[in-house]
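Here's the structure we're looking at; comments come further down.
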């Protein structure tokens, strides 16, 4: 009879290292923490394209004017714009607040609908 694997925080980290889908991180970490008796919540935030200084550098590296580059990015997102750092900050703020006290093992995709296309 196969032995049942006891999921500890260190085993979870090892499983994650061997598991290709990165979105499983929150799931396995949440299970591991719950089984170990930790009363912490584990979630992850997966941002899409965000307009930062790196966006401006990428436009420059591609030889495109910034507005042309941003227009191309806008067309790729159903919400009609590229994200801003504050968009990700609000998701993180929610997860850090008591309003999310029942949320654990979840992945929050904040990408303006990019992967939903």
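A short reminder: the numbers here are calculations on the coordinates, not readings from a lab. It should be emphasised that the depicted structure is a prediction, and the values quoted were computed from it without experimental measurement. Positions of Cβ are backbone-derived with ideal geometry, glycine not excepted, and every protein chain shown enters the neighbour counts.
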Quiz item: Taking 0.36 nm per residue of separation and subtracting the Cα-Cα distance, what length does fully extending residue 96 through residue 109 add?
Solution: 3.1 nm
Exercise. Starting from 0 in steps of 5 Å, tell me what percent of the Cα-Cα pairs of the range 48-102 lands in each bin.
Key: 4, 18, 21, 19, 12, 10, 7, 5, 2, 0
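Can you put 111, 61, 98 in order of Cβ neighbours within 10 angstrom, beginning with the fewest?
Numbers: 111 20, 61 9, 98 6.
Ranked by crowding around the Cβ, least crowded first: 98, 61, 111.
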